[in-house]
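Presented below is the structure to which this report refers.
The values are calculated or read from the model by the stated rules, or taken from the named source; none is laboratory data. All figures in this text were calculated on a predicted structure; none of them were measured in a lab. Cβ: placed from backbone, ideal geometry, glycine included. Neighbour counts: every protein chain shown.
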Amino acid sequence: MKRREFLKKAGVGAAAAVTASAVNAPYVIAQKKYNWKMVTTWPPNLPVLQTGAVRFAERVKEATEGRINIQVFAGGELVPPLNTFDAVSDGTVECGSGAAYYWAGKTPACQWFAAVPFGLNAQGNNAWFYSGGGLKLWEEVYAPFNVIPRPQGNTGVQMGGWFRKEMNSLDDYKGLKMRIPGLGGKVVAAAGGTVVLLPGGEIFTSLERGVIDATEWVGPMHDLRMGFYKAADYYYYPGWHEPGTTLEVMFNKKAYESLPKDLQAILDAVAMETNMWSLSEFEAGNGAALQELITKHKVDLKRFPEDLLAGLRKLAQEVLEEEANKDPMARKVHDAFKKFKAQVGVWGSVSEKAYYDVIADEYKLKM
Ligand code: CA
């Protein structure tokens, strides 16, 4: 009776520690709850990208038994999509999800953490982040903005895009109006193309009406959903401009550091898990969607000619050097990336590539 009176006096929550010690039961300590907001750069319900952010929040809630509750807002629901980085940086929200190339205007060095034309694939990027010092560099790049990044997903190799005309040589880029963002866009511009930036919702009609001659998007799963096969005759591969685009989750530094260590570890672990989940979803979904595009919609799948790719690759090297020269951090990241790529590339040529070559006849396109 005496103890019950004491508990009543102590109140709930405010004197939780005292209460707990009074009843000598440490497991009933009322643990602090964190109600966070996440903003993303993605439209609502965009498969794997937005649904991956939502899944991240759900898994965090599950793993922390509700100690961290993240409310997710798609692009535009709380802040405009491209204000995601700022909102995390200034503490408007505790976390965000997007892709690092969107922040090139803040710091050019961030582009290497999303997609590098003719760069690493998903496996290579993950190796760089987790085992080759890439994530440390990424943290260094975001540190001045009070943002902590984590890889949260990977699209795998994207598709080259949808074209209304055949692409036979590098010259065919001259005057070509193409929707292609990021460093890939800079390469297309260097080849003489006109890069057009369009919101996702305007791409289909622009392509259908010939306002643009070509567009890239993601891979078969997302491209099929956009219906591009109804607007352009040629579907080119491979996606040289985005060979393994990394998606990110980022935390406001103060918010992240205010968490106890176990919760920080859970955020990191769930980010890593979501990264694996995302790539798996892309691989499985793209495989199925490609079959549907070929067999049901009779899409004309084309490989970019070798000399066209060689020309783009040369231009990409020049574009990357130019970007790297923009500031010392970009130079540092570019050099580190290049060094790592060379190192795993030699290994890749005797492992992944050699293996794929051996079983190539099993994977021939069945049109
Ligand atoms: Ca893309």
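Against the definition (under 15 Å from the mean Cα position of the chain (by Cα) and modelled with pLDDT of 95 or more), how does ALA122 come out, yes or no?
Yes: the conditions hold for ALA122.
Suppose we filter GLY66, GLY52 for residues that are buried (at least 22 other Cβ atoms within 10 Å of the Cβ) and in contact (Cβ under 8 Å) with a residue 12 or more places away in the chain; which single one remains?
GLY52
Starting from the stretch 155-179, keep only residues that are within 16 Å of the ligand (Cβ to nearest atom), then list their pairs with residues that are among the aromatic types (Phe, Trp, Tyr) and assigned to a helix (DSSP H, G or I) whose Cβ atoms are within a distance under 6 Å, requiring at least 6 positions of separation or different chains.
That search, which allows pairs on different chains as well, returns THR155/PHE282; GLY156/PHE282; TRP162/PHE228.
Yes or no: the stretch 280-291 includes at least one residue that is in a helix (DSSP H, G or I), touching a strand residue (DSSP E or B) at 6+ places or on another chain (Cβ under 8 Å) and small (Gly, Ala, Ser).
no
Determine which member of the set MET272, MET329 is hydrophobic (A, V, I, L, M, F, W, C) and touching a strand residue (DSSP E or B) at 6+ places or on another chain (Cβ under 9 Å).
Result of the check over MET272, MET329: MET272.
Return the residues of the stretch 84-101 that are buried (at least 22 other Cβ atoms within 10 Å of the Cβ), polar (S, T, N, Q) and touching an Asp or Glu at 6+ places or on another chain (Cβ under 8 Å); say none if nothing qualifies.
If the condition is that a residue be buried (at least 22 other Cβ atoms within 10 Å of the Cβ), polar (S, T, N, Q) and touching an Asp or Glu at 6+ places or on another chain (Cβ under 8 Å), then SER97 is the only one that fits.
Return a yes/no flag: does the stretch 224-242 have any residue that is of a type in the set (A, V, I, L, M), touching a Gly at 6+ places or on another chain (Cβ under 7 Å) and within 16 Å of the ligand (Cβ to nearest atom).
Among the residues of the stretch 224-242, not one is of a type in the set (A, V, I, L, M), touching a Gly at 6+ places or on another chain (Cβ under 7 Å) and within 16 Å of the ligand (Cβ to nearest atom), which makes the answer no.
So the check is Cβ under 6 Å with 6+ separation or different chains; which pairs have a first residue in the stretch 79-94 that's over 8 Å from THR41 (Cα atoms) and a second one that's in a helix (DSSP H, G or I)?
Hits for this filter: VAL79/ALA87; PHE85/TRP103; SER89/PHE145; VAL93/ALA87; GLU94/ALA255.
Condition first: assigned to a loop (DSSP other than H, G, I, E, B), within 13 Å of the ligand (Cβ to nearest atom) and modelled with pLDDT under 95. Now tell me which residues in the stretch 197-222 satisfy that. Break it down stepwise before answering.
Initial filter on the stretch 197-222 (assigned to a loop (DSSP other than H, G, I, E, B)): 197-199, 209-213, 216-219.
With within 13 Å of the ligand (Cβ to nearest atom) added as a condition, the list becomes 197-198, 216-219.
Result: LEU197, LEU198.
Can we say LEU259 is in a strand (DSSP E or B) and either within 27 Å of TRP138 (Cα to Cα) or away from the ligand (no atom under 16 Å from the Cβ) (or both)?
So LEU259 fails the test.
One residue is enough: does the stretch 280-298 have a residue meeting the conditions within 22 Å of the chain's Cα centre (by Cα), closer than 30 Å to LYS37 by Cβ and surrounded by fewer than 16 Cβ atoms within 10 Å (Cβ to Cβ)? Outline the logic, then answer.
To start, the set of residues in the stretch 280-298 that are within 22 Å of the chain's Cα centre (by Cα) comprises 280-290.
Then drop every residue that is not closer than 30 Å to LYS37 by Cβ, which leaves 280-282, 285.
With surrounded by fewer than 16 Cβ atoms within 10 Å (Cβ to Cβ) added as a condition, the list becomes 280.
Looking through the stretch 280-298, at least one residue is within 22 Å of the chain's Cα centre (by Cα), closer than 30 Å to LYS37 by Cβ and surrounded by fewer than 16 Cβ atoms within 10 Å (Cβ to Cβ).
Take the residues in the stretch 299-319 that are under 16 Å from PRO238 (Cα atoms) and acidic (Asp, Glu); name whichever of them is surrounded by the fewest Cβ atoms within 10 Å (Cβ to Cβ).
Restricting to residues being under 16 Å from PRO238 (Cα atoms) and acidic (Asp, Glu), the top hit is GLU306.
What number of residues within the stretch 223-239 satisfy the criterion of being in a helix (DSSP H, G or I) and buried (at least 23 other Cβ atoms within 10 Å of the Cβ)? First the steps, then the outcome.
First pass over the stretch 223-239, keeping only residues in a helix (DSSP H, G or I): 223-226, 228-230.
When the remaining residues are screened for being buried (at least 23 other Cβ atoms within 10 Å of the Cβ), the result is 223, 228.
Selection size over the stretch 223-239: 2.
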